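So the structure is just underneath, and the comments pick up after that.
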Amino acid sequence: MATVLVRHKVNDYAKWKAVLDETKPMAKKFGVRSQRVLRNFANPNEVVVVNEFDDMNTAQKFAQSDELKKIMERAGVAETPSVWFLNEADKFTL
């Protein structure tokens with residue numbers, strides 16, 4: 001399992017979220033298995049998106065796709081995102 005964590009600021013969360021919701025079929029086509037959206041408590045227009053993929057190659061293709069760049073522009077992403085490609089190192093339940 002590979003994880004891509006993306007952090008960016010958006011101009012308007014409601015507009016950004018509406019675009020995200022309408023593009024879920026595209027994300028699925030690119031191999032996104034699950035997706036979580038988190039918002040900064042102090043700044044609700046700062047979001048973190050956590051995408052899960054079967055493998056890192058698929059994750060990198062999605063993150064570098066022209067489709068994703070166009071969607072982010074249309075959604076009102078206000079700055080260049082920070083992107084981390086992560087592999088799970090440990091997991092436990094308390």
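Any read-out appearing in this document is the output of simple, stated calculations on the displayed coordinates, not a laboratory observation. Here the structure is a predicted model, which is why all the values come from computation and not from measurement. Don't worry about glycine lacking a Cβ; one is built from the backbone with ideal geometry, like all the others, and counts go over all protein chains shown.
A few notes on this one:
- Sequence-ordered 3J(HN,Hα) estimates for region 47-60 from the Karplus curve with 6.51, -1.76 and 1.60 and θ = phi - 60° stand at 10, 10, 10, 10, 10, 10, 10, 5, 8, 5, 4, 5, 4, 5 Hz, glycine and proline given as x.
- Label of the coordinate-derived value, Cα extents along the principal axes in Å, listed as (i) 67, 31, 20; (ii) 65, 51, 17; (iii) 34, 32, 21: (iii)
- Evaluating 6.51 cos²θ - 1.76 cosθ + 1.60 at θ = phi - 60° for every residue in region 77-94, the Karplus couplings come out as 5, 8, 8, 5, x, 8, 10, 10, 9, 10, 10, 5, 9, 6, 8, 8, 10, 9 Hz, glycine and proline recorded as x.
- Karplus (6.51, -1.76, 1.60) ³J(HN,Hα), θ = phi - 60°, over region 4-10, in Hz, Gly and Pro reported as x: 10, 10, 10, 10, 7, 9, 10
- Label sites at ARG74 and GLU22, each approximated as a point 7 angstrom past Cα along Cα to Cβ, lie 0.6 nm apart.
- In a simple Cβ point-charge model (Lys, Arg +1; Asp, Glu -1; nothing else charged), the chain has a dipole of about 220 debye relative to its Cα centre.
- Local electrostatic count at ASN45 - Lys and Arg +1, Asp and Glu -1, tallied over other residues with Cβ under 10 Å: 0
- Residue-span extension gain [LYS15 to PHE92] - 0.36 nm each, minus C-alpha spacing: 24.2 nm
- Anisotropy class of region 1-49 from Cα gyration tensor, a/c 1.5 cut: oblate
- Of the cross-linked pairs LYS15/LYS61; LYS69/LYS91; LYS15/LYS69; LYS24/LYS70, those separated by over 21 Å at the C-alpha level are LYS15/LYS61; LYS69/LYS91.
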